[in-house]
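The following block contains the structure, expressed as structure tokens.
No value in this document is a laboratory result; all are computed from the given coordinates. Keep in mind it's a predicted model, so treat the numbers as computed, not measured. Cβ placement follows ideal geometry from the backbone for every residue including glycine, while neighbour counts extend to all protein chains displayed.
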Amino acid sequence: MKKILLFVCGILIAYPIIAQENRLTPKPVTTSQIFHDIEKLGFLGTVLYVAAHPDDENTRLISYLANERMARTAYLSLTRGDGGQNLIGPQLREQLGMIRTQELLEARNIDGGEQFFTRANDFGYSKHPDETIEIWNKTQVMEDVVRIIRQYRPDIIINRFDHRTPGSTHGHHTTSAIFSVEAFKAAGDKNAFGNQLKTLETWQPSRLFFNTSWWFYGSQEAFEQADKKNLLAINSNPFYDYKGLSNHEIAALSRSEHKSQGFGSSGDRSPQKEYIEFIDGDFPTDKSDLFSGINTTWTRVKGGKKIKDLHENLVSNYDFKNPEASIPSLLELRSNISKIKNDHWKTIKLKEIDHILNNILGIYMVASTRNEQIAIGNESDVFIEITNRSKIDFSIEFIPSNLVEIKENNIVLSEYESKQLTGKLKVPSYFETTTPYYLKQKGTIGMYVVNNPEQIGKPELDSPFLVRGIIRIKDQAIPFKIPVIHKRTDPVRGEVREPLQITPEVSLSIDNPVFIFTQSQKQEITINVHAFKNFRNAKLELCVPTDWKVKPEHITIDDLLKGDQKQYNFIVTAPSQASKGLASAILTVNDKSYTQEVISINYEHIPNQQWVRNNEVQLVQPGITNFANSVAYINGAGDQVGQAIAAMGSQVSFFDPSEVPANLSDYDAVVIGIRAFNVYKQEMAALKDILDTYVASGGTLIMQYNTNRGIGDNELGPLNITLREACNR
């Protein structure tokens with residue numbers, strides 16, 4: 001790629017109107033970034049990177065392809081990482097999958113890639129692909145991979161893992177590569193998943209690679225001696241003058257968004273290489289270029305020669321001091337792109353060119369409410385701000401909507417003019433609450449349920465509350481849509497933007513997911529009630545299995561006001577024999593029943609999220625005798641195992657690693673929390689003698705999951721432990 005030494009005479013602060021591209025917090029855009037985006041208009045090449053989990057992706061290669069090669073680049077993670085651990089909070093399983101989905105979106109926002117998923121559920125560690133495929137529905141996962149390939153139309157597919165070495169690493173890892181190899185052929189086969197061809201076309205990628213490294217060879221020495229005739233070596237750490245960062249610095253920032261997994265990384269500025277092994281398809285004509293032999297210019301599209309010439313003229317005449325001078329040429333280019341018959345590239349490149357126009361014009365556009373949560377059936381004011389920070393006049397015409405009504409229309413903005421508009425957002429009574437689309441129906445241990453094929457592959461759905469319209473510049477109409485968000489000013493963080501959440505009218509929740517009883521034991525269970533509207537004469541009940549007892553039968557609530565958060569207690573008695581079942585809270589008002597709970601997940605590095613589900617907890621009388629009267633629990637990354645032990649009748653003392661007493665002999669057992677050695681490396685190392693003495697004296701020590709990332713085998717407790725490198729996720 002041609003390198004140009006650039007200077008920036010100023011910054012155009014542009015807030016793109018496509019929120020998904022830049023997440024919720026807008027970024028300043030420099031004139032050199034605009035030039036890079038203009039250059040990218042001339043590259044028509046696509047790459048799909050495939051692996052199993054969030055954090056499996058190679059952000060160095062994704063960033064290189066998206067920024068240096070300017071290719072459309074996406075990461076397909078077969079799962080959302082639900083089976084992993086959480087280093088930043090207590091959320092596990094579905095809630096952890098929600099966190100890791102957002103972390104991937106933030107990572108892609110940094111490195112320039114896009115993100116896809118299948119319906120596969122990360123059920124936990126698997127030793128072999130055979131085990132993985134027994135739990136996943138192979139047909140459905142393969143169908144998803146093929147669908148995403150047919151939709152995205154990659155020229156190149158790159159696997160993170162080796163399909164030829166089952167059993168050498170996590171079963172999910174190898175399975176992702178096996179499925180990708182099969183899908184490489186199936187996507188171009190009209191007899192494979194023919195039901196998709198009602199709305200899609202077959203697509204045959206040109207070539208398939210495996211992103212290898214010395215690690216897959218066992219050592220640096222073995223890799224140096226290996227036959228490399230099928231390997232391509234890529235200089236993967238160029239410096240991007242328009243960003244002021246090297247590729248690996250960008251990749252490190254992207255990698256560091258995996259905060260729940262503790263993958264903070266430092267940027268590397270030295271020359272580096274990535275190795276890509278050819279697997280299938282057409283071998284590149286030039287081993288230094290993944291795309292060599294593939295037409296990635298506008299001439300791959302019928303009628304694209306004129307567009308290619310217009311684009312080259314636009315690039316050569318770009319004025320870094322006056323980007324607005326490019327607008328006539330951009331509009332001419334846009335007009336010609338809109339006339340081509342190739343809908344795939346037309347849609348992609350029109351979106352890119354509209355994004356560039358928006359940045360040059362410096363359009364600031366936001367629609368917000370003062371409420372982060374709005375209950376079904378309610379409404380809220382919407383505040384719309386539009387600013388033209390350029391010297392070019394344009395007009396805006398809003399498209400009518402039943403959900404978001406705007407009082408004014410046909411707005412004309414002259415240079416450096418701003419308009420403040422108001423509107424009304426209405427949430428119909430039939431509307432669905434905000435919740436991840438793949439969690440709306442109960443799935444299996446291995447699969448999520450998604451019935452709408454148009455949703456499959458998407459990380460999340462767009463907000464239904466959109467302000468839509470058309471920006472008219474000269475003779476062209478540029479469509480836009482912006483989601484209505486919640487915007488506020490925080491005294492510490494400054495301006496904070498969060499998604500707008502639609503809630504049920506009331507949330508009913510119970511703190512613990514599992515209550516464990518001994519024979520005929522009684523426990524108090526508390527129901528948390530959060531009202532999002534006013535209620536009168538409500539009846540609250542706790543429903544339990546028929547062989548369990550609960551008192552009182554119900555609680556009458558005379559008044560429950562919007563915003564109230566109250567707690568109500570019930571006493572549950574277990575049967576004398578072993579038994580288990582589900583308990584759930586139900587609120588009844590005027591013959592209408594409410595059973596849903598709202599789970600909120602709030603972290604500063606990702607947008608706030610909400611999961612709405614039917615509230616239910618497990619009641620268990622296991623019919624066992626617990627001999628561990630006292631347990632010392634050494635906290636790790638965050639889990640609920642200690643609470644579960646307490647629920648079985650043990651007296652549990654919780655300690656941070658730095659607070660563990662020198663003498664543990666009073667405890668019947670000591671349990672080390674999940675990933676304690678990873679989170680508290682120095683503190684856990686200092687406990688070695690204390691734990692050794694406890695075990696040598698006959699104590700019972702239970703050590704839960706840790707990874708060997710940065711930890712030696714001899715640091716993991718009183719016994720000699722050898723970890724296989726391949727077992728580290």
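Tell me, what are the semi-axes, in whole angstrom and largest first, of the equivalent ellipsoid of the range 105-188 as set by the roots of 5 times the Cα gyration tensor eigenvalues? All intermediate terms of the calculation are to be shown ahead of the outcome.
On the way: eigenvalues 91, 51, 34 Å².
The answer is 21, 16, 13 Å, longest axis first.
Can I ask one more? If you average the alpha carbon positions of the range 681-710 and of the range 393-449, how far apart do those two centres end up, in angstrom?
Here the answer is 53 Å between Cα centres.
Could you tell me which of rounded, prolate or oblate describes the range 438-497, using a ≥ b ≥ c as the square roots of the eigenvalues of the alpha-carbon gyration tensor, with rounded for a/c under 1.5 and, failing that, prolate when a/b is larger than b/c and oblate otherwise?
Details: a/c = 3.94, a/b = 1.39, b/c = 2.84.
It comes out oblate by the Cα gyration axes.
To one decimal place, what orientation-averaged projected area in nm² is obtained for the convex hull of the Cα set of the range 45-290? The partial results should precede the final answer.
Working: hull surface 54.0 nm².
That works out to 13.5 nm².
Please list 256-265, 387-396 highest first by mean number of surrounding beta-carbon atoms within 10 Å per residue.
256-265, 387-396
Tell me, what ³J(HN,Hα) does each residue in the range 256-262 have, in order and in whole Hz, if you take phi through Karplus 6.51 cos²θ - 1.76 cosθ + 1.60 with θ = phi - 60° and put x for Gly and Pro?
6, 6, 7, 5, 5, 9, x
Taking just the alpha carbons, could you work out the radius of gyration and Dmax for the range 467-589, both in angstroms?
23.2, 80
Tell me what the chain gives for mean residue ellipticity at 222 nm when only DSSP H runs of n ≥ 4 count, each as -39,500 (n - 2.57), the sum divided by the residue total, rounded to 500 deg cm²/dmol.
Values: 15 runs with 155 residues, N = 729.
The helix-only estimate for the chain comes to -6500 deg cm²/dmol at 222 nm.
Any chance you could list the semi-axes, whole Å, largest first, of the equivalent ellipsoid that the Cα gyration tensor gives for the chain, using √(5λ)? Don't skip to the answer; put the middle values down first.
Values: eigenvalues 439, 260, 112 Å².
Square roots of five times the eigenvalues give 47, 36, 24 Å.
Right, something else. Roughly how many whole Å is it from the C-alpha centroid of the range 80-118 to that of the range 247-318?
Distance between centres, Cα-based: 24 Å.
Work out the P(r) tail for the range 166-282: percent of alpha carbon pairs separated by more than 20 Å, whole number. If you can, show how the numbers build up before the last one.
Details: 4327 of 6786 pairs.
That fraction is 64 percent.
Under the rule of at least 5 residues apart or a separate chain, name every residue whose amide H is placed under 5 Å from the amide H of residue 366.
Excluding prolines and chain starts, which carry no amide H, the hits are 385.
Given H placed on each backbone N at 1.01 Å, which residues far from residue 473 in sequence or on other chains put an amide H within less than 5 Å of it?
Long-range HN contacts for residue 473: 478.
Another question, then. What full-extension length gain, to one decimal in nm, is calculated for residue 288 and residue 128 as 0.36 nm per residue of separation minus the Cα-Cα distance? It would help to have the intermediate numbers written out before the result.
Values: separation 160, 0.36 × 160 = 57.60 nm, distance 3.44 nm.
Computed gain between residue 288 and residue 128 is 54.2 nm.
What span do the alpha-carbon atoms of the range 262-361 cover on each of the three principal axes, reported in whole Å from largest to smallest?
43, 36, 28
Do me a favour and compute the ellipsoid semi-axes for the range 364-503 from its Cα gyration tensor, root of five times each eigenvalue, largest one first, whole Å.
Numbers: eigenvalues 202, 68, 47 Å².
Three semi-axes, in Å: 32, 18, 15.
In the chain, what percentage of the DSSP-assigned beta bridges are antiparallel, given to the nearest 5? Mind dumping the intermediate values first?
Values: 95 of 135 bridges.
Once the DSSP bridges in the chain are tallied, antiparallel ones form about 70 percent.
A further question on this structure: When a/c reaches 1.5 or more, the comparison of a/b and b/c decides; with that in mind, is the range 620-672 rounded, prolate or oblate per its Cα gyration tensor? Walk me through the numbers on the way to the answer.
Values: a/c = 3.41, a/b = 1.48, b/c = 2.31.
In terms of gyration-tensor shape, oblate.
Work out how much length residue 391 to residue 571 would gain on full extension: take 0.36 nm times their residue separation and subtract the Cα-Cα distance, in nm to one decimal.
Numbers: separation 180, 0.36 × 180 = 64.80 nm, distance 7.00 nm.
Length gained between residue 391 and residue 571: 57.8 nm.
Indicate the gyration tensor shape class of the range 576-626 (rounded, prolate or oblate), computed on the Cα atoms with a ≥ b ≥ c the square roots of the eigenvalues: a/c under 1.5 is rounded; otherwise a/b larger than b/c is prolate and the rest oblate. List each step's numbers first, then the result.
Values: a/c = 5.44, a/b = 1.41, b/c = 3.85.
Oblate, since a/c reaches 1.5 and b/c is not below a/b.
While we're on this one: Of the peptides 303-312, 671-680, how do they stack up when ordered by the mean number of other Cβ atoms within 10 Å, highest first? Kindly include the intermediate steps, with their values, before the conclusion.
Details: 303-312: 16.9, 671-680: 23.0.
Output ranking for 303-312, 671-680: 671-680, 303-312.
Something else: Among 476-487, 139-150, 571-582, how do they line up by average Cβ neighbours within 10 Å per residue, starting with the highest? Working shown, then result.
On the way: 476-487: 18.2, 139-150: 22.0, 571-582: 15.7.
By packing density, highest mean first, the sequence is 139-150, 476-487, 571-582.
What distance in nm separates the two pseudo spin-label positions at residue 600 and residue 475, each 7 Å out from Cα along the beta-carbon direction?
Once both label points are built, they end up 5.3 nm from each other.
A further question follows. Can you give the FRET efficiency for residue 229 and residue 269, using 1/(1 + (r/R0)^6), R0 = 35 Å, r = Cβ-Cβ distance, to the nearest 0.05? Could you put the intermediate results ahead of the total?
Numbers: r = 31 Å, r/R0 = 0.89.
Efficiency at R0 = 35 Å is approximately 0.65.
Identify the residues of the range 160-182 with backbone N under 20 Å of a label point that sits 7 angstrom from the Cα of residue 445 along the Cα-to-Cβ direction, or state none.
Of the residues in the range 160-182, 167, 170-176 have backbone N under 20 Å from the label point off residue 445.
Distance check, please: which entries in 341/440; 351/442; 40/487; 243/351; 138/190 exceed 28 angstrom between their Cα atoms?
Numbers: 341/440 38 Å; 351/442 36 Å; 40/487 32 Å; 243/351 22 Å; 138/190 19 Å.
In this structure, 341/440; 351/442; 40/487 lie more than 28 Å apart at Cα.
Still on this model: If you plug each phi of the range 449-460 into the Karplus form 6.51 cos²θ - 1.76 cosθ + 1.60 with θ = phi - 60°, what whole-Hz ³J(HN,Hα) values come out, in order, with x for Gly and Pro?
9, 9, 8, 8, x, 5, 8, 4, x, 6, x, 7
Something else about it: Using 1/(1 + (r/R0)^6) with R0 = 30 angstrom and r between the beta carbons of residue 556 and residue 522, what's the FRET efficiency to the nearest 0.05?
Details: r = 23 Å, r/R0 = 0.76.
After rounding to 0.05, the efficiency reads 0.85.
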